[in-house]
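Just so you know, all these numbers are worked out from the coordinates, no wet-lab data involved. Given the structure is predicted, the values throughout are model-derived calculations rather than measurements. Glycine also receives a Cβ, built like all others from the backbone with ideal geometry; neighbour counts cover every protein chain displayed.
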Amino acid sequence: MGLFDKLRGELIDIIEWTDPTNDTMVHRFDRYNNEIKYGAKLVVRESQVAVFINEGKLADVFEPGTYTLETRNLPILSTLLGWPHGFESPFKAEVYFVSTRQFTDLKWGTKNPIMLRDPEFGPVRLRAFGTYCVRVMFAPTFIKEIVGTDGRFTTDEITDQLRNLIVARFADILGESKIPVLDLAANYDELGKFISEKIFDDFDSYGLQITKLLVENISLPPEVEAALDKRTSMGVIGNLQAYTQYQTANALEKAAENPGGTASGGMGLGMGFAMAGQMGQAAASASQAPPPVPQAANYYVAVDGQQTGPFDAMTLKQQIQSGRLTPQSLVWTEGMAQWTAANDVPDVAKLFGATPPPVPPQ
């Protein structure tokens with residue numbers, strides 16, 4: 001090989017990048033100190049942007065397409081190199097390919113619980129997590145502010161920072177929304193949209209855009225969830241006395257099927273009759289017992305267009321004292337045809353009269 005062929009072999013004449021990974025956001029084209037041939041071909045594929053940098057200064061940016069690198073389509077680089085008009089020679093420049101596709105299934109979540117005040121449960125601690133999608137919208141800003149001189153920049157290098165931004169905005173929005181904990185599941189989509197809008201400027205300063213954010217789960221501490229499960233179980237059981245009789249009947253049936261074991265057949269039968277007698281006494285007592293005391297109605301309250309509650313009379317008084325419930329607030333309970341102003345509902349209206357007036361000034 002002659003000297004001229006050797007020199008020609010060291011010149012780069014095709015610049016392109018095919019991404020074999022799913023997480024590379026920026027790739028610096030490897031040239032191993034070789035010079036780029038004047039008139040070389042630059043291939044920028046869809047979902048890519050090519051950025052030329054000369055001696056640390058950002059120069060030309062190329063959108064998807066195939067280019068022949070000449071002074072006429074390298075105006076900024078030509079100025080930085082000081083090429084006179086028509087000067088055709090090899091040149092050195094760093095070429096960064098920036099992926100502009102969407103990077104999906106990125107995770108976010110709270111490291112520590114978020115403290116909130118719930119209208120029904122009082123102070124609560126919540127955890128939340130979900131996914132989001134992001135893309136590079138302005139490659140020069142992204143390289144300048146985030147990538148720097150990193151030859152291969154992946155999503156792992158920025159997801160921690162993006163997650164912190166999302167969690168901070170999420171906590172702020174959740175606190176301002178005042179949505180009851182039990183109603184959060186019905187507002188996951190709205191929360192995701194609010195967070196995306198709130199965080200737009202933060203991502204834009206990095207040259208990024210968040211294209212989708214999903215809230216997958218908001219959960220209470222395990223001990224609180226266990227208490228809710230017990231509360232739900234009691235609601236499913238309903239009539240506790242009937243449930244106890246049903247369990248006793250099952251025990252009697254099993255005792256009759258297995259008269260042996262720890263006792264003789266006569267003892268097993270006696271135990272069965274004793275249990276039957278207890279059931280009879282329980283049934284008689286139940287028939288003689290007075291009817292249950294009627295329960296006061298619980299009311300739902302509309303606050304800022306959101307349904308809250310239901311609340312008992314004590315809780316409604318507390319909301320009246322705090323100013324959250326006013327005579328004009330809309331309330332509803334089972335049996336009412338529509339939402340009605342609190343002052344027009346007798347059971348609620350009398351609570352306003354029971355509230356003492358403000359203490360007069362000294």
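Return Lys37, Lys111 ranked ascending by Cβ neighbour count within 10 Å, so the fewest neighbours appear first. Display every interim value, and only then the final one.
Values: Lys37 19, Lys111 8.
In increasing order of surrounding Cβ atoms, one gets Lys111, Lys37.
Can you give me the Cα centroid spacing of segment 330-352 and segment 110-157 in angstrom?
Using only Cα atoms to place each centre, the spacing works out to 44 Å.
Tell me which lysines have Cα within less than 26 Å of Lys57's Cα, excluding those fewer than 8 residues away on the same chain?
Within the straight-line limit of under 26 Å, Lys57 reaches these lysines: Lys37, Lys41, Lys92, Lys144.
Measuring from a point 7 Å past the Cα of Phe352 along Cα-to-C-beta, which residues in segment 317-346 have an amide N at less than 18 Å?
Correct set: 317-333, 339-346.
Could you list Lys144, Lys350 so that the one with the fewest beta carbons within 10 Å of its beta carbon is first and the one with the most is last?
Values: Lys144 15, Lys350 10.
In increasing order of surrounding Cβ atoms, one gets Lys350, Lys144.
For Met25, Met115, what's the fewest-to-most ordering of other Cβ within 10 Å of each Cβ? Write down the numbers at each step before the final one.
On the way: Met25 28, Met115 11.
Result, fewest neighbours first: Met115, Met25.
Report the charge-dipole magnitude of segment 299-353 in Debye, nearest 20, computed about the Cα centre from +1 at each Lys and Arg Cβ and -1 at each Asp and Glu Cβ.
On the way: 3 positive and 5 negative charges, 35 e Å.
With only Lys, Arg, Asp and Glu charged at Cβ, the dipole is about 160 debye.
With unit charges on the beta carbons (Lys and Arg positive, Asp and Glu negative) and the dipole taken about the Cα centre of segment 103-223, which residue among Leu126, Ile146, Phe194 sits farthest to the positive side?
The one lying farthest along the dipole's positive direction is Ile146.
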